[in-house]
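Every number in this text was worked out from the coordinates using simple rules, so none of it is lab data. What you are looking at is a predicted structure, and each value in this text was computed from that prediction instead of being measured. For neighbour counting, all protein chains shown are included, and Cβ atoms are generated from backbone atoms with ideal geometry for every residue, glycine included.
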Amino acid sequence: MNSIAARAESVLEALLYRGELPRGEVGSVLGTTDRHARRIVAVLIAKNVVVSESPRAPLRLGFPAALAPRWMPGLFPEKLEP
């Protein structure tokens, strides 16, 4: 996911401030083509970073447990390795 993290930052920021983002606006938020925007959205959905009720519904922020310590440092304990 690191390869798209920089590109996805503007999408995540838009979702944070707006609450949801129509899929058709992702390309303009990213400043890229719709095809490339769909690829980035697909990766974000696969990682549960963003969620959507259907393939045409707006995107919303997801809060995957795996990213909680990174997104909110100090609020959640780090996963301890055995």
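Odds and ends about this structure:
- Sequence-ordered 3J(HN,Hα) estimates for the stretch 59-64 from the Karplus curve with 6.51, -1.76 and 1.60 and θ = phi - 60° stand at 8, 10, 5, x, 10, x Hz, glycine and proline given as x.
- Shape category assigned to the stretch 1-63 from the gyration tensor of Cα positions, a/c cut at 1.5: rounded
- Under the simplified labelling scheme, the Glu20-Ala57 pair shows an inter-label distance of 0.8 nm, with each label point 7 Å from Cα along Cα→Cβ.
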